[in-house]
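Written out below as structure tokens is the structure these notes cover.
The values are calculated or read from the model by the stated rules, or taken from the named source; none is laboratory data. All values derive from a computational prediction rather than experimental measurement. With ideal geometry, Cβ positions are generated from the backbone for all residues, glycine too; neighbour counts draw on all protein chains shown. Calculation scope for accessible area: heavy atoms of the full protein, side chains included, ligands and nucleic acids excluded. Shrake-Rupley method; radii C 1.70, N 1.55, O 1.52, S 1.80 Å.
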Amino acid sequence: MKPDPQRRDLIATAFLTRFGAPPTVWCRAPGRVDLMGSHTDYNLGAVLTLPIGRDTWIAARPNHSNEVKLHSLNLGTDAAFSLDVSEKPAVPAWIDYVHGVAVALQEEGLPLAGFDGVVHSSVPLSSGLSSSAALECAAATVFEALGDWTIAPVLKARLCQRAENRFVGVNCGILDQFTSCMGQEGCALLLDCRDLSSRAVAIASGISVVICDTKSKRELAGSEYGERRVECETGAGLLGASCLREVTPAAFDARESELPASVAKRCRFIIEEHARVYALATALTTGERPAIGRLTAASFDGACHLYQIAAPPMLSMMAAMLAAPGVIGARQAGAGFGGCMVAFVETGFIDEFAAAVWTHYSAATGTQPEIYPVTAAAGAGLI
Ligand code: GLA
């Protein structure tokens, strides 16, 4: 990973000012955007995911104590916790993501060292690009570097997910942490959440991935995410399966009418979305534009009418993306309910696309969106 000198200077200066000595270890972990596979991860299905160049950096120095003391450059705040405390504090805070990782690593029997650290993230917060997973995976990498042990990246991802599930209290799947730990420069990943295997998927040249941020914030811990998950588990149970991944489209068609209406809609979306993951992986590799357009449109249609995770700003953004020059296809990203969306765009048209989406979306909503291309970045590691 090539360091960005300006960002490095900013962090190094803040570190020296705050802690009186330079950092000894630098780690980073990327955010992600899912290209296909909304909410398939906790149903143990497939996801096509892209680790992005927007990432979280932590500069650290061991402080020979049992305390982790952090400063966030993004938030302008300090926070700390003790490695001897394994309970979540009563008042939730951003450092809980790091504290949760420490607890999960310690449960695994890994020795941890206290450190001073400065955190800087270029992943926008609460916008569906996994800023929390980037923080967790960067923190795990700092503990690894200072603790004199190494763990396999897949285990690191699972422990970071455990931190978020058990300590932070968000019942997310493995998608975000897996992408942040397992990313490979230049490739999307086709992740199978049942066995945590993955393969690299190269996107045909001439096709770019562009993030379109609606700038409407979403809260993942909100009840909707958990409700969708329960509905999926209910559906799988009524169909006699351990998870929706085990239900084939034919088996679902035959028994759909036995399910409560809203449960049936959620299940149909997941079962169809899982199949679209493999289809999009093929279409992106071969560069079949019509198939990319069709698959992404079907995914968004399901997100609106079956899974019901499309907030009004997402409808405006979808209209803006589909009307812009160079667009090949577009859909939701992350958990939905606002935040970022994703478009596939002819590389030669990125500037025109971005300008047109900006104008169209700001005129329709009165909100200024942010639009930028992303490329696949390496997973969590030392800088
Ligand atoms: C969030 C969760 C992920 C996944 C997505 C939806 O990002 O953290 O585990 O469920 O939503 O696909």
Rounded, prolate or oblate: which fits the stretch 332-383, taking a ≥ b ≥ c as square roots of the Cα gyration tensor eigenvalues, rounded meaning a/c under 1.5, else prolate when a/b beats b/c? oblate
Can you give the translational diffusion coefficient of the stretch 246-362 in µm²/s, computed by Stokes-Einstein from the Kirkwood radius over Cα pairs at 4 °C and 1.567 mPa s? 85 µm²/s
From the residues 60, 163, 238, which one has its Cα farthest along the dipole of the chain in the positive direction, the dipole being from +1 and -1 charges on Cβ of Lys/Arg and Asp/Glu about the Cα centre? 60
Over the chain, the sum of -39500 (n - 2.57) across DSSP H runs of at least four, divided by residue number and rounded to 500 deg cm²/dmol, gives at 222 nm -13000 deg cm²/dmol
Where labels lie 7 Å past Cα in the beta-carbon direction, separation of residue 196 and residue 368 in nm: 4.3 nm
How much accessible area does residue 57 have with a 1.4 Å probe, in Å² rounded to the nearest 10? 0 Å²
Per-residue accessible area, 1.4 Å probe, largest first, puts 195, 213 in the order 195, 213
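Given that compact globular proteins tend to follow 2.2 N^0.38 Å, what is the ratio of the alpha-carbon Rg of the chain to that value?
Values: Rg = 20.7 Å, N = 383, 2.2 N^0.38 = 21.1 Å.
Normalised Rg, Cα atoms only: 0.98.
For the chain, what does the accessible surface come to per residue with a 1.4 Å probe? Please give it in Å². Show your work: numbers first, answer last.
Values: 14920 Å² over 383 residues.
Spelled out: the 1.4 Å probe surface of the chain, per residue, equals 39 Å².
How much of the accessible area of the stretch 204-374, probe 1.4 Å, is carbon plus sulfur, in whole percent? Show your work: numbers first, answer last.
Numbers: 4030 of 6990 Å².
Carbon plus sulfur share of accessible area: 58 percent.
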Please state the charge dipole magnitude for the chain, taken about the Cα centre, from unit charges on C-beta atoms (+1 on K and R, -1 on D and E), reported in debye and rounded to the nearest 20. 300 debye
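Please state the charge dipole magnitude for the stretch 204-374, taken about the Cα centre, from unit charges on C-beta atoms (+1 on K and R, -1 on D and E), reported in debye and rounded to the nearest 20.
80 debye
Shape verdict for the stretch 122-250, please, from the Cα gyration tensor: rounded (a/c under 1.5), prolate (a/b greater than b/c) or oblate.
Working: a/c = 1.34, a/b = 1.24, b/c = 1.08.
Rounded.
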Could you give the size of the charge dipole of the stretch 131-207 about its Cα centre, using +1 on the Cβ of each K and R and -1 on the Cβ of each D and E, expressed in debye and rounded to the nearest 20? 200 debye
On the protein heavy atoms, probe 1.4 angstrom, tell me the percent of accessible surface of the stretch 14-117 carried by carbon and sulfur. 54 percent
Heavy atoms of the protein only, probe of 1.4 Å, neighbouring chains included. What is the accessible area of residue 346 in Å², nearest 10? 50 Å²
Sort out for me the Cα centre separation of the stretch 228-279 from the stretch 146-212, rounded to whole Å. 24 Å
Can you give me the solvent accessible area of residue 130 with a 1.4 Å probe, rounded to the nearest 10 Å²? 10 Å²
Dipole-positive endmost among 20, 127, 324 within the chain (Cβ charges, Cα centre): 324
Return the long-range amide H neighbours of residue 74 (sequence gap of 5 or more, or a different chain), with a cut-off of under 5 Å between placed amide H atoms. 121
Whole-percent tail of the Cα-Cα distance distribution for the stretch 38-148, cut at 15 Å, equals 66 percent
Pairs of lysine in the chain with Cα under 30 Å and at least 8 positions apart or on different chains: total? 12
